[in-house]
Amino acid sequence: MKRLGVNIDHVATIRNARGEFHPDPIFAAQFVKKSGADSVTIHLREDRRHIKDIDAKKICSLKGLLVNLEVSTNPSMIKNALQIRPNFICIVPEKRKEITTEGGLDLKKNIFKLKKIITKIRKKKIRTSLFINPSISNIKISKSLKADCIEIHTGNFANLVKTKKDYSKEFKKIKDCSILAHNLGIEVHVGHGLDFKATKILMKIKQIQEFNIGHFIIGESIFYGITKVIRNFKKIIRS
């Protein structure tokens with residue numbers, strides 16, 4: 001059964017714009033679960049631009065809620081994540097001045113660092129995931145690192161779909177990587193920039209187990225309501 005993970009970072013972005021308490025990310029986490037989300041994703045950034053430490057702790061303490069915590073390879077962030085103890089940890093690249101995550105991890109450059117990090121996470125019996133660009137070499141390295149899952153960065157693919165350009169090469173990259181990862185025993189997730197149309201296209205790849213979507217869901221919810229948007233995605237990934 002394919003799953004939908006809902007990223008609620010931008011609920012916190014809206015809250016922080018006023019420096020007050022509303023809308024509450026903790027309530028949002030509970031609400032999206034009731035609306036059909038299989039899990040909740042939050043990115044605890046080094047600059048805390050949206051989700052704060054207290055948000056992450058409270059969200060991860062909610063009973064019956066599966067939480068995917070995204071963090072960088074910064075040692076202090078990994079230590080923090082292990083103390084918060086989410087169900088899942090996804091390791092992502094992070095640049096201070098980026099508006100959003102611009103691509104996947106450089107696995108070759110960080111292989112030894114990532115190996116140590118994954119060992120620490122696995123000792124805590126937390127599911128590990130690596131946010132990567134779609135390449136065969138990245139899949140092979142992910143296997144050598146003993147990652148439980150990989151999340152394929154779909155930003156380039158999604159942008160081509162949105163601008164009605166030829167996405168066939170990007171689709172093939174994602175498909176080939178998904179097949180290899182699945183055959184190697186790595187669970188396949190996808191995320192970044194996905195909307196209804198891009199998700200429908202990726203549904204052709206049967207090896208994908210999890211779709212993590214945030215910005216589009218929060219944006220569409222302004223017009224149609226978050227429950228309706230989540231249910232529309234659930235219809236797509238369960239079709």
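Taking square-rooted eigenvalues a ≥ b ≥ c of the alpha carbon gyration tensor, is the stretch 144-239 rounded, prolate or oblate, where a/c under 1.5 means rounded and, failing that, a/b exceeding b/c means prolate?
Numbers: a/c = 2.10, a/b = 1.50, b/c = 1.40.
Prolate is the answer for the stretch 144-239, as a/c is 1.5 or above and a/b outweighs b/c.
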Problem set entry | Within the stretch 73-162: Cβ-based charge dipole about Cα centre, in debye rounded to nearest 20 (Lys, Arg +1; Asp, Glu -1) | 580 debye
Exercise. Which one is right for this structure if mean projected area of the Cα convex hull in nm² is calculated from it: (1) 12.9; (2) 12.3; (3) 14.1?
Worked result: (2)
Problem set entry | Assigned charges on the beta-carbon of Lys, Arg, Asp, Glu; the chain dipole about Cα centre (debye) | 640 debye
Exercise. Which net charge results for the neighbourhood of H189, defined as the other residues with beta-carbon distances under 13 angstrom from its beta-carbon, given Lys and Arg at +1 and Asp and Glu at -1?
Worked result: -3
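With a/c under 1.5 counting as rounded, go ahead and sort the stretch 1-104 into rounded, prolate or oblate using the C-alpha gyration tensor (a ≥ b ≥ c being the square roots of the eigenvalues; past the cut-off, prolate if a/b is larger than b/c, else oblate).
On the way: a/c = 1.45, a/b = 1.16, b/c = 1.25.
Since a/c stays below 1.5, the shape of the stretch 1-104 is classed as rounded.
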Exercise. If T73, T119 are ordered by their accessible area, calculated over protein heavy atoms with a 1.4 Å probe, which sequence runs from highest to lowest?
Worked result: T119, T73
Exercise. Per-residue ellipticity at 222 nm for the chain, helices alone: DSSP H runs ≥ 4 residues times -39500 (n - 2.57), over residue total, nearest 500 deg cm²/dmol?
Worked result: -14000 deg cm²/dmol
For this session: Count the net charge of all other residues whose Cβ sits under 13 Å from the Cβ of N16, scoring Lys and Arg as +1 and Asp and Glu as -1.
Result: +1
Problem set entry | Candidates K172, K162, K123, ranked by Gaussian network fluctuation over the chain, Cα under 10 Å, top entry | K123
Seminar exercise, completed: Taking the dipole of the chain about the Cα centre (Lys, Arg +1; Asp, Glu -1; charges at Cβ), the one of L82, I141, G155 that reaches farthest to the positive side is I141
Exercise. Label-point separation (nm) for I201 and T73, each offset 7 Å from Cα along Cα-to-Cβ?
Worked result: 3.0 nm
Exercise. How much of the accessible area of the chain, in percent, comes from carbon and sulfur atoms when a 1.4 Å probe is used?
Worked result: 54 percent
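The values are calculated or read from the model by the stated rules, or taken from the named source; none is laboratory data. This is a predicted model, so every value here is computed, not measured. When we count neighbours, we look across all protein chains shown, and the Cβ atoms used for this are built from the backbone with ideal geometry, even at glycine. What goes into the accessible areas is simple: the full protein's heavy atoms, side chains included, and nothing from ligands, DNA or RNA. Shrake-Rupley method; radii C 1.70, N 1.55, O 1.52, S 1.80 Å.
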